[in-house]
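Q: I have a structure here, written as structure tokens, and I will follow up with some questions on it.
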Amino acid sequence: MNRQSIPLLSPAIGTHRELVSFHFGPTDSGQKIYVQASLHADETPAMLTTVLLKRRLAELEKAGALNARIVLVPVANPVGLGQYVLGQFLGRFDLGSGKNFNRHFAQFPKLAARARDLLGGDVDMNRRIIRDLLAAELEAIKPLTEFESLQLAMLKLSYDADVVIDLHCSLEAAMHVYTSEAAWPEFEPLSRYLGAQASLLATDSGGAAFDETHSLLWWKLQQDLPADKPVPNGAIAVTVECRGQRDVSYEVAQEDADALIDYFVWRKAIRGEAKPLPPLLSPATPLAGSEQFYAPVSGILIHRATIGDTIRVGQPLFDIVDPLTDETTTVSSNTEGVFYMRRAIRFVTAGAPLGRVTGTQPFRTGVLLGA
């Protein structure tokens, strides 16, 4: 195990933060897997999973069982961890800029034009050329803020990975994953091993999130470059939502770490016989088909469905009670699917997001991610 540290741009005199990564396995293996946790800094279940995963990877490396280079970042957002305000972590948004830590990652619109004259008919050589170009693009970026330097540090660690796994959690949620249609065949086994109750697919969900910064880049190159200059899926990426913020226990985190190990064995990144694939708990559905619920009025929020339930059309999900008028407003589902996440709030203002149910028919457009 090799521990590395990337210093971040200091935002003020007398302050200093760093992004710490742990590197396992042979550097010349031909396969690289990048795993990070808690990009929204208060996502503790993901962080604990990486603690247990790190211990297991160290054991496997010592036993000579690793066939791939694996990079692990247990604390992807040291900036957000410093935003401890009035007894609460505020890890989703950077207090300096108001930006979501998992949005606004660098895009590379000129990459296709630069690659066009360099690529040939060899798909493996094309992968190497594109990664070299991407490395040069990243070196040319000069961050102006700590936020920008953090995002750049993550991209420098992950740009050449074949597989990118971004571990998050929601507020109250079932285990679920987000990935692209193109990557789904390679991540369906991960969804099975994790016991995901929902798998949401989108090629471009908007917002330039960390996972799609990797997968979307290669997809766009495939669309922009001619067939005689083939571009592979140079990076497949997935976001794993490790249930809800309060789902922090050794038992649950061990299950998730074991599932990741099982997936690495399936990918032949770890030597051994892959475990039989468990059943897929729910078929993958388009992210654009998920129904998102908002509070039409303010009041006390009562949940009328349990996370992980299969919901019918017309089924009540939330009641909102006005404590002054005694009026109750019920929010029901227009979609049949899995109730996979909800907010942890119990008193809502008008327009507050409440939760989501999967759906099979796309109907939403534009930015599909939450704020």
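Q: Stretched out fully, how many nm does the piece from Gln88 to Ala227 gain, at 0.36 nm a residue minus the Cα gap?
A: Between Gln88 and Ala227, full extension yields an extra 44.8 nm.
Q: Around Ala237, what is the net charge, scoring Lys/Arg as +1 and Asp/Glu as -1 over all other residues with Cβ under 9 Å from its Cβ?
A: Values: positive: none; negative: Asp166, Asp211, Glu212.
With Lys, Arg at +1 and Asp, Glu at -1, the net is -3.
Q: Could you state the number of Å between the C-alpha centres of segment 1-54 and segment 139-162?
A: After rounding, the separation between the Cα centres reads 13 Å.
Q: Largest first, please: the extent of the C-alpha atoms of segment 315-367 along each principal axis, to the nearest Å.
A: Sorted from largest, the Cα extents of segment 315-367 read 39, 24, 18 Å.
Q: Work out the count of Lys pairs in the chain where the Cα-Cα distance is under 14 Å, with the pair 8 or more places apart or on different chains.
A: 6
Q: Run the dipole for the chain about the Cα centre, Lys and Arg Cβ at +1, Asp and Glu Cβ at -1, nothing else charged, and hand back the magnitude in debye, nearest 20. Intermediate results must be reported in sequence, preceding the final value.
A: Numbers: 35 positive and 42 negative charges, 109 e Å.
Dipole magnitude for the chain comes out near 520 debye.
Q: Quick one: putting +1 on the C-beta of Lys and Arg, -1 on the C-beta of Asp and Glu, what dipole do you get for segment 260-331 around its Cα centre, in Debye to the nearest 20?
A: 740
Q: Run the dipole for segment 180-324 about the Cα centre, Lys and Arg Cβ at +1, Asp and Glu Cβ at -1, nothing else charged, and hand back the magnitude in debye, nearest 20. Working shown, then result.
A: Values: 11 positive and 20 negative charges, 46 e Å.
Dipole about the Cα centre, nearest 20: 220 debye.
Q: Considering the dipole of segment 227-371 built from charges on the beta carbon (Lys and Arg +1, Asp and Glu -1) around the Cα centre, which of Val313, Leu287, Asn233 is farthest to its positive end?
A: Sorting the options by dipole projection puts first Asn233.
Q: What's the carbon and sulfur percent of the chain's accessible surface, probe 1.4 angstrom, rounded to a whole number?
A: The nonpolar share, carbon plus sulfur, comes to 54 percent.
Q: Under 10 Å, Cα contacts only: if you run a Gaussian network model on the chain, which one of Gly14, Gly234, Gly308 comes out with the highest mean-square fluctuation?
A: Gly14
Q: What relative contact order, as a whole-number percentage, does segment 325-371 give when Cα pairs under 8 Å and 6 or more residues apart are counted? Kindly include the intermediate steps, with their values, before the conclusion.
A: On the way: 31 pairs, mean separation 18.0, N = 47.
It comes to 38 percent, rounded to a whole number.
Q: Averaged per residue, what accessible surface does segment 173-296 expose to a 1.4 Å probe, in Å²?
A: Heavy-atom accessible area per residue stands at 40 Å².
Q: Please report the spacing between the Cα centers of segment 167-209 and segment 265-293 in Å, no decimals.
A: After rounding, the separation between the Cα centres reads 8 Å.
Q: Sticking with this one: Rounded to the nearest 5, what is the percent of antiparallel bridges among the DSSP beta bridges in the chain? Spell out each step's value before the answer.
A: Numbers: 39 of 62 bridges.
Expressed as a percentage, antiparallel bridges in the chain total about 65.
Q: In percent, what relative contact order does the chain have, based on Cα pairs under 8 Å that are 6 or more apart in sequence?
A: For the chain, the relative contact order is 18 percent.
The values are calculated or read from the model by the stated rules, or taken from the named source; none is laboratory data. Remember, it's a predicted structure, so these values are computed and weren't measured experimentally. Backbone-built Cβ (ideal geometry, glycine too); neighbour counts: all protein chains shown. For the accessible areas, the whole protein counts, side chains as well, though only heavy atoms, and no ligand, DNA or RNA atoms are used. Shrake-Rupley method; radii C 1.70, N 1.55, O 1.52, S 1.80 Å.
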